[in-house]
Amino acid sequence: MTTVATHLVEALVHAGVRRIYGVVGDSLNSIVDAVHRNKKIEWIHVRHEEAGAFAASAEAQLTGSLAVCAGSCGPGNLHLINGLFDAHKTLAPVLAIAAQIPSSEIGTDFFQETHPERLFQDCSHFCQLVGTEKQMPRLLQIAMQTSISRGGVSVLVLPGDVASSQMTSKELEHRTFHPRPEIQPSASDLQQLACLLNEAQRVTLFGGAGCANAHDEVLQLANRLQAPVAYSFRGKEFLEYDNPNATGMTGLLGTESGHYSLEKADLVFLLGTDFPYTAWYPKKPKLVQLDIRAERLGRRSRLDFGLMGDVKATLGALLPMLRPKKNDKHLKECLEKSRKTQKSLRQHAEDNKNVRPLAPEYVTTVLNEVAEDDAIFTVDTGMSAVWAARYLHMTRGRRLIGSFNHGSMANAMPQAIGAQLAFPKRQVISMSGDGGFTMLMGDLLTLAQYDLPIKIVIFNNGTLGMVKLEMRVAGIEDYGVDFKSVNFAKLAEAVGIRGFRIEDSSNLKDSMTAAFRHGGPAIIDVVTNPNALALPPKIDAKEIAGYGLYVAKQTLHGKLFESIDELKGNLP
Ligand SMILES: Cc1ncc(C[n+]2csc(CCOP(=O)(O)OP(=O)(O)O)c2C)c(N)n1
């Protein structure tokens, strides 16, 4: 007999889905049973549904294909929500199956009753209750097709009794479609763009995730216009490698040269980026923006000209319309700035090579060195994102994902689970904060359960470092941020995972190399400096004043020595 559950599972298999992340529960039983009996799909038994949603988000981001997670009725699917926000804001195609209480009980304030079709509205394009088997297979088709076509989340709310009921019709069942139209601006828009670029003297390109498959076109454009290429965090993995014009990231996590390249231009061309911080857009240059989602034009900054199009296709059509620029003064100045910035970053890491606790900048430099050329990095929200932004270097084969649009903590380890399952042969490295790691720590057991050879590098600074810094910059004495010290290497060993504890630089490289050579999962527990400062590339007078105020307050509380050490270690 074909039930809604067996149909659902078969349709997912046909759509190329290889696994469902979730935690079982009564209302999900028929689906889990259908998975069990279908040999082409696997149930990935995570310990927390949020981890399952993050894993699905990572899988979808890294493969571009539909990934699936599920939660049982009420609290089970409620736990998915944070990971689903991450997927949705990243436009990662994820289908969530939110099981529901028996259909006859809906509306009665029944045990575990919630209304996922309302709760998940804000993190999905499509979110519908399957009230009767007659709505299948159409609702499933719409859910999958919406996620695949638009990127982002769809949610099917499925009562357990409906899932186990017989399907009476398979009419309108068909495969999913993956249209990839090559959208370009109109001829007149392209002409206007070419005029602007031909007239400008100093063009800077600023790219985001929309440049994913357009590396070569962006480089050709940069070459023709003698333009430096700066990028957002999501653009870094696509634009940094093999790019002689790269000048780095802008924003709080970025470097001075990225910011400089934007400020010194007379025209900044924004390519497939939705970089959110208005204050970081330069004030003087003309701003031109190209995005496949035209509703995003001008939503972050003033804008002189906006066009709709796919970056690759548009640049392909634009290039023949551009006169090669001869004057490379702007490019040279920005590259010189970038060279200096890179040198001072390296120098800072080198100068702090032997400090104890370890400097996270130096740790990341070594990590960058020992990681493979096609490693997949997942990065927690917090200071490890800063170190990854500044000290990890992308290659053609590497990938770098985080919770870059949603900014949730605890994303890195579960995202690594999705990455490793999708790419079992590649090295997967989670750069975790101790706060982020402990937030979803239960899923360390998922690594042990499936023997996933993920390497979790924990920046064990005993504090919620990024917030500690934010408080200090705001002139508040930090409070509610510090943790009692934990030995995560011992914790790993206790659950059957290799643990490497690193407390000083003498064994950093050797231990990291040994950990990476180990064939199974490992935690690399690195004790790092809780006071490492990530000074932003342009420092606001107000922020400096805030820091001064913080030092004054620390002094009043008898913590003068800590403040002075910190300043000595971090300020030029
Ligand atoms: C779920 C969630 N809770 C709180 C925050 C606010 N927040 C952002 S970064 C951060 C601190 C992260 O600390 P940790 O993981 O230890 O990394 P560190 O900054 O010390 O490297 C906090 C609390 C958040 N972004 N997400």
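Taking residue 319, is it among the aliphatic types (A, V, I, L, M), more than 26 Å from the chain's Cα centre (by Cα) and modelled with pLDDT of 95 or more?
Answer is yes for this residue.
Could you check the stretch 8-31 and list, in sequence order, the residues that are in a helix (DSSP H, G or I) and surrounded by fewer than 20 Cβ atoms within 10 Å (Cβ to Cβ)?
Within the stretch 8-31, 10, 13, 14, 26, 29 meet the criteria.
To keep it simple, each residue is scored yes or no on (1) closer than 22 Å to residue 12 by Cβ; (2) within 16 Å of the ligand (Cβ to nearest atom); (3) out of contact with any strand residue (DSSP E or B) (no Cβ under 8 Å at 6 or more places or on another chain); (4) at pLDDT below 95.
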residue: 68; (1), (2), (3), (4): yes, no, no, no
residue: 86; (1), (2), (3), (4): yes, yes, yes, no
residue: 99; (1), (2), (3), (4): yes, no, no, no
residue: 111; (1), (2), (3), (4): no, no, yes, no
residue: 121; (1), (2), (3), (4): no, no, no, no
residue: 126; (1), (2), (3), (4): yes, no, no, no
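Hey, could you check the stretch 164-192 for residues that are in contact with a helix residue (DSSP H, G or I) (Cβ under 8 Å, 6 or more places away or on another chain) and part of a helix (DSSP H, G or I) and say which is surrounded by the most Cβ atoms within 10 Å (Cβ to Cβ)?
The residue in question is 190.
Could you count how many residues in the stretch 377-423 are charged (D, E, K, R) and modelled with pLDDT under 95?
Count: 1.
Within the group 328, 380, 373, which residue is open to solvent by 10 Å² or more (accessible area, probe 1.4 Å), under 27 Å from the mean Cα position of the chain (by Cα) and of a type in the set (Asp, Glu)?
Exactly one of 328, 380, 373 is open to solvent by 10 Å² or more (accessible area, probe 1.4 Å), under 27 Å from the mean Cα position of the chain (by Cα) and of a type in the set (Asp, Glu), namely 373.
Within the stretch 61-87, track down each residue that is without any contact (Cβ under 8 Å) to a residue 60 or more places away in the chain and aliphatic (A, V, I, L, M).
68, 70, 78, 80, 81
Just checking: which of the helices (runs of 4 or more DSSP H) contained wholly in the stretch 399-504 hold 1 or more residues that are buried (at least 18 other Cβ atoms within 10 Å of the Cβ) and within 13 Å of the ligand (Cβ to nearest atom)?
Ranges flagged: 412-422, 434-439, 465-473, 488-494.
Give me a count of the residues in the stretch 73-91 that are under 23 Å from residue 145 (Cα atoms), touching a Leu at 6+ places or on another chain (Cβ under 9 Å) and crowded, with 24+ Cβ neighbours inside 10 Å.
Qualifying residue count for the region: 1.
Looking for something in a loop (DSSP other than H, G, I, E, B) and either basic (Lys, Arg) or open to solvent by less than 10 Å² (accessible area, probe 1.4 Å) (or both) - is there at least one such residue anywhere in the stretch 42-59?
Yes, because at least one residue in the stretch 42-59 is in a loop (DSSP other than H, G, I, E, B) and either basic (Lys, Arg) or open to solvent by less than 10 Å² (accessible area, probe 1.4 Å) (or both).
Before we move on, is residue 117 acidic (Asp, Glu), assigned to a helix (DSSP H, G or I) and surrounded by fewer than 19 Cβ atoms within 10 Å (Cβ to Cβ)?
Answer is yes for this residue.
The values are calculated or read from the model by the stated rules, or taken from the named source; none is laboratory data. All of these numbers come straight from a predicted model, not from anything done at the bench. As a convention, Cβ positions derive from the backbone with ideal geometry for all residues, glycine included, and neighbour counts pool all protein chains shown. In case anyone asks, the SASA skips ligands and DNA or RNA and just uses the protein heavy atoms, side chains included. Shrake-Rupley method; radii C 1.70, N 1.55, O 1.52, S 1.80 Å.
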